[in-house]
Amino acid sequence: MMAMKGFTRRFKPLEILTEEQVGEIHRATLAVLWETGVTFHSERALKDLEKNGCKVDYDLKRARFPEYLVEEAIHRCSSSYRVKARDPKNDLVIGGDTVYFRNFPGMQTVDLDTWEPRDPTRQEYNDLITVLDALPNLHAISPYPYYGYEGVPPVMRIPEGVAIKIRNSTKVQMTGNASDSDQFNIKMVKATGGEAILMAAGSAPLTWYDDQIRATYRAMEVGFPMYILQGTISGATGPATVVGSVVVNLAEQLSLIVLVQLLTPGMRVAIASDTYPQNMKSGVPGFGRIGCALTKAVENQMARSYGIPTRDSASGPVSSKKSDFQTGYEKALNALVSALAGANLILIHGSLYGEITAHPLQAILDDDIAGMVGRFIEGVTVSDETLAVDLINEVGPIPGHYLNTAHTREWWKKEQFVPRAADSLAYPEWKKTGKKGALDYAKERMEEILATHKPTPLTPGQEEEIERILKEAREYYRNKDLISDEEWAVYMKSLESLNYPYG
Amino acid sequence: MSTEILENLKKAVMEYDHEGAATLARKAVEEKVDPLEALNALTVAVRQVGDGFGRGELWLPDLIGAAETMMSVMPILDEEIERKGAKRQSLGTVAIGTVYGDIHTIGKTMVATLLMAEGFTVHDLGINVTAETFVEAVKKYKVDILAMSALMTTTAPEQRKVISALKEKGIRDKVKIMVGGGGITQKFADEIGADGYDPTAPGAAKLARTLVGK
């Protein structure tokens with residue numbers, strides 16, 4: 001069966017740990033899981049864990065994990081699996097040597113003149129997803145990626161975003177959850193075919209809150225894959241050392257993996273972490289620093305030793321606020337290391353500062369980085385044809401050349417990756433065409449995509465179903481008193497627009 | 001002798017030495033050093049570390065290390081202050097927490113620690129704090145300042161909800177409200193009618209002093 005091709009790493013992954021060190025980190029993780037354990041703010045989870053062999057302290061809400069359970073759970077994880085998309089040609093086969101790229105969310109958009117954040121309009125949200133759908137080196141779409149648009153009350157931001165993603169793209173999407181929104185997300189995805197990658201996000205250090213556990217049980221029930229996300233900040237919510245933070249992360253991730261593999265053996269999971277070094281000046285994470293890649297290189301190697309795929313965000317959030325040099329190096333360096341280190345899903349497109357801002361223009365620029373990194377990991381083919389000895393002998397020394405050979409015509413496009421939004425002109429042409437740079441090309445490409453790319457539409461029946469589920473969600477939260485009268489009035493007015501939901 | 005103990009106390013705070021500071025605090029009590037003066041020495045030391053942070057010479061772990069060293073010996077001095085019938089001067093009472101739906105703790109804890117070190121009495125309500133809990137705390141502790149953190153734009157509106165709840169109970173004007181966190185901007189703080197906002201933890205501690213006029 002066809003699936004999204006992505007990139008294939010054709011050489012051994014980067015290993016920054018020796019085999020002994022992998023063992024040491026694993027044993028350290030097992031020690032934490034047994035000696036301290038992990039807090040679960042969920043009676044249900046604690047009971048299920050206890051029933052299956054964990055030691056539970058209900059006062060502390062703490063479960064401690066014996067080694068054999070952890071090993072068994074790791075053993076039950078699938079090392080490679082398919083995730084179904086709305087359009088089967090966009091299915092993903094996650095794991096092994098395959099590398100996919102995905103965007104990273106930003107709560108808001110940025111103004112391209114002032115670079116200040118602001119809420120996107122519904123049109124801008126649709127535009128972002130349309131661009132992501134069009135980009136060739138982007139294989140899946142993130143949770144959110146904007147947190148709603150102007151006029152949407154907070155509790156409806158995730159469901160409205162899921163609907164926009166379904167309406168504007170046939171690529172697999174991941175969905176976040178808050179206030180139990182995953183129940184509506186799942187319904188919408190099921191109504192349109194395919195699957196979503198669900199998410200449970202823990203809280204470092206060593207804690208799972210109840211809403212994330214409820215989402216985990218719902219994921220087990222529906223049978224969609226689930227990414228186990230932890231966001232340890234080294235020096236703040238985890239030890240300042242790279243491997244110490246990895247131990248905290250792995251303990252948290254494996255604790256939930258034990259729960260899901262006990263109850264639903266073989267459930268498709270991935271180890272996902274948003275681990276960054278703490279910025280010791282501002283108190284926010286040190287996004288984009290090389291410590292991100294260093295941590296992920298260790299995590300990828302650990303996950304590979306477990307046979308569990310990874311989702312890697314080293315190149316997702318950056319510290320820069322603009323689409324500039326700093327954003328470029330923060331993303332490119334981290335993405336390249338992650339790809340070399342064997343990450344299966346690399347997060348890069350669209351994001352600017354932290355998880356605060358994202359923009360389709362940045363996604364277009366990042367698509368070139370993804371393409372470059374992807375091309376690199378595909379490596380080289382060594383064969384009679386690529387060695388081209390016959391051809392070299394035939395062409396001989398100067399005045400011989402290769403531009404006119406069939407071999408060149410056949411091979412150059414396979415061998416080269418050509419960036420789309422980069423300045424590659426010589427000076428005379430560059431001057432003549434207005435001295436354009438990468439941002440100018442990216443703007444042109446964005447306009448072109450928005451004018452020409454038409455995502456596969458939903459059927460009228462599917463449209464109706466999405467709208468029905470959204471209506472159900474709106475009423476659910478309204479009845480729960482989570483949308484105020486004031487918010488409701490603004491919200492309802494925004495839905496009255498003639499162009500709803502596509503403008 | 002007293003001067004020497006006070007100088008050593010300062011030094012212990014500036015070296016983040018919990019044990020040393022505790023030993024010195026006990027020694028100060030034994031040698032009948034005025035506990036209010038000892039307390040003052042601790043505050044001065046934390047301020048010096050804060051100034052070093054402001055100049056870019058020291059870092060967050062230094063700031064938190066100094067503040068927590070001070071906090072760890074406070075009970076020893078507090079006990080003595082009480083025994084002597086003296087009154088520890090507090091700049092005011094603060095209730096602080098991260099709003100409902102938000103479990104980000106670091107920024108909130110940084111501010112709480114620095115406020116304590118500044119000389120405020122601080123009630124840390126923790127994370128995922130509902131509007132009702134904030135309102136209850138304002139009443140129960142008779143707070144001067146209510147401080148709320150929200151890291152995400154999805155949870156920021158909770159701050160508005162808390163302010164509305166305080167208004168409903170008719171106690172909004174009895175308390176100064178300061179807000180912060182990644183999801184908050186000055187514009188948002190103004191919109192919801194907060195009394196102050198600062199994007200950094202040391203800035204928040206200074207803001208608190210301004211809000212109580214100290």
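Can you say what percent of the DSSP beta bridges in chain A, counting only those with both residues inside, are antiparallel? Round to 5. Among the beta bridges of chain A, antiparallel pairing accounts for roughly 35 percent. Contact order, relative form, for the stretch B:93-211: 28 percent (alpha carbon pairs under 8 Å, 6 or more residues apart, mean separation divided by residue count).
Note on the stretch A:264-401: dipole from Cβ charges, positive end direction compared against A:Thr386, A:Leu336, A:Ala297; the farthest Cα belongs to A:Ala297. Within the same chain, lysines fewer than 8 places from A:Lys47 are excluded, and of the rest, those with a Cα less than 25 Å from its Cα are A:Lys55, A:Lys61. Leaving ligands and nucleic acids aside, the B/A contact buries around 1400 square angstrom of accessible area in total at a 1.4 Å probe radius. Within the same chain, aspartates and glutamates fewer than 8 places from A:Lys165 are excluded, and of the rest, those with a Cα less than 12 Å from its Cα are A:Asp127, A:Asp133. Within the stretch B:68-152, the proportion of Cα pairs with more than 19 Å between them is 43 percent. Our note on the geometry: Cα centres of the stretch A:360-417 and the stretch B:148-214, 58 Å apart. A loss of 50 Å² or more of accessible area (1.4 Å probe, protein heavy atoms, ligands and nucleic acids excluded) relative to the isolated chain is seen in these residues of the stretch B:124-161: B:Thr153, B:Thr154. Note on the stretch A:77-123 and the stretch B:78-144: Cα centroid distance 41 Å, given to the nearest whole angstrom. Once C-alpha pairs closer than 8 Å and six or more residues apart are averaged by separation and normalised to the residue number of chain A, the relative contact order reads 19 percent.
For the pair A:Glu221 and A:His407 in one chain, pulling the backbone fully straight at 0.36 nm per residue adds 61.6 nm over the alpha carbon distance. Scaled against 2.2 N^0.38 Å for its residue count N, the alpha carbon radius of gyration of chain A is 1.01. Given the options B:Asn40, B:Phe134, B:Pro202, identify the residue whose Cα lies farthest towards the positive end of the charge dipole of chain B (+1 on Cβ of Lys, Arg; -1 on Cβ of Asp, Glu). Value: B:Phe134. The H on the amide N of A:Ser273, modeled in the peptide plane, is under 5 Å from the matching H of A:Gln230, A:Arg311, A:Ser313, each at least 5 residues off or on a different chain.
For chain B, with all protein chains in place and a probe radius of 1.4 Å, 51% of the accessible heavy-atom surface sits on carbon or sulfur.
Remark: the protein assembly as shown carries 44 Å² of accessible area per residue (probe radius 1.4 Å; ligands, DNA and RNA excluded). Along chain B, counting only GluC sites (Glu not before Pro) with a DSSP assignment other than H, G, I, E or B and at most 12 other Cβ atoms inside a 10 Å radius, the longest segment between sites is B:58-214. What does a probe at B:Lys174 reach in the stretch B:137-156, counting residues whose amide N is under 19 Å from the point 7 Å along Cα→Cβ? What the label zone holds, given the 19 Å backbone N cut-off, is B:137-148. In loop segments of the stretch B:1-53 as defined by DSSP, the trypsin sites (Lys or Arg not before Pro) with at most 14 further C-beta atoms inside 10 Å of their C-beta are B:Lys32. Taking a straight Cα-Cα cut-off under 19 Å and skipping sequence neighbours fewer than 8 places away in the same chain, the aspartates and glutamates within cross-link reach of A:Lys296 are A:Glu15, A:Glu19, A:Glu20, A:Glu24, A:Asp97, A:Glu252, A:Asp274, A:Asp312, A:Glu330, A:Glu355. Of the listed pairs A:Lys51/A:Lys190; B:Lys139/B:Lys161; A:Lys190/A:Lys454; B:Lys161/B:Lys187, which have alpha-carbon separations greater than 27 Å here? Check vs 27 Å cut-off fails for A:Lys51/A:Lys190. For a paramagnetic label modelled on B:Trp59 (point 7 Å from Cα along Cα→Cβ), amide N atoms under 11 Å away belong, within the stretch A:216-252, to A:235-236, A:240-241.
May I ask you to derive the FRET efficiency for A:Ser497 and A:Lys414 from their Cβ-Cβ distance with R0 = 41 Å, giving the value to the nearest 0.05?
The value I calculate is 0.30.
Loop sites only, by DSSP: take the chymotrypsin sites (Phe, Trp or Tyr not before Pro) in chain A that have at most 12 other C-beta atoms within 10 Å and name the longest stretch containing none of them. Longest site-free region, per DSSP loop and neighbour criteria: A:59-503.
A full extension of the chain between A:Asp440 and A:Glu20 corresponds to an added length of 146.2 nm, given 0.36 nm per residue minus the alpha carbon distance. Membrane-span-like helices in chain A (whole DSSP H runs, Cα extent of at least 20 Å along the helix axis, mean Kyte-Doolittle hydropathy of at least 0.5): A:242-263, A:360-377. A crude spin-label estimate for the pair A:Glu467 and A:Met1, with each label 7 Å from Cα along the Cβ direction, gives 3.2 nm.
The values are calculated or read from the model by the stated rules, or taken from the named source; none is laboratory data. Source: prediction; values computed, not measured. Every residue, glycine among them, receives a Cβ derived from its backbone with ideal geometry; neighbour counts consider all protein chains shown. Only protein heavy atoms, including side chains, enter the accessible area calculation; ligands, DNA and RNA are left aside. Shrake-Rupley method; radii C 1.70, N 1.55, O 1.52, S 1.80 Å.
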